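Heads up: the structure comes next, in structure tokens.
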């Protein structure tokens, strides 16, 4: 009996000790969480103050630190958005687009989500672009703006979206026109007319439309298809996108070019026919 009581007492003491230790650990954890929350709150205040002062370089460092040490504190949303905004103001477009993308993915219910989606698209638009390279970057920016309009059809930013989107369309049009112009310089008029037919169909509002008509007329003239050359010359004359003395000079110059080409063609045609007749006579005499 005494042995039983002794064992029971030992067990009770052990359980009590574990409870005391557990409570102590819980208390330490609570204190640690409270300290971390206070630290994150202080850092958030510092970040906001630096952002107001437009110290975006410093903001980036502090906000990145917060994303590492402050999960679960309630400050992650603000830190992520401010980090993206700092990259945006510093014109670090690739980084800005990436951070806005992370924000959109992680905080879809945020009151800043519409701004984030718009700025993500603008960042795509602003990334370095070279007309000679492929248009994948332009396509990405167009998709970003299309997604924004799909998600926010009544947004007060829709006029700005249209402005940027039209510039992207112009960018695609310019690339197509420059490709056709390159083929003309390489003396490949067939490729020119193929490219420009699509260009005139796909980009009816392009500022390059007048030049495209002229290039089509020159290319058809080089192909000895003078009816089509004159047709596109007529289209160039009627195009309202450009007016004035410069237009008149270019039209007049092209008219002379086509007329001379047609005369050369007729002379060459007569020469070829004469040669054929001579060969035909010689063949008869030989036989």
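Taken across the stretch 132-151, residues that are in contact with a helix residue (DSSP H, G or I) (Cβ under 7 Å, 6 or more places away or on another chain) and farther than 30 Å from residue 102 by Cβ do not occur at all. For residue 68, state whether it is part of a helix (DSSP H, G or I), farther than 22 Å from residue 43 by Cβ and not assigned by TED's automatic domain parsing to the domain that holds residue 178. The answer is no for residue 68.
Among the residues of the stretch 84-114, the ones that are under 17 Å from residue 51 (Cα atoms), out of contact with any helix residue (DSSP H, G or I) (no Cβ under 6 Å at 6 or more places or on another chain) and assigned to a helix (DSSP H, G or I) come to 1 in all.
The values are calculated or read from the model by the stated rules, or taken from the named source; none is laboratory data. The structure displayed is predicted, hence computed values, not measured ones. Ideal geometry is used to build each Cβ from the backbone, glycine not excepted, and the neighbour counts take in all protein chains shown.
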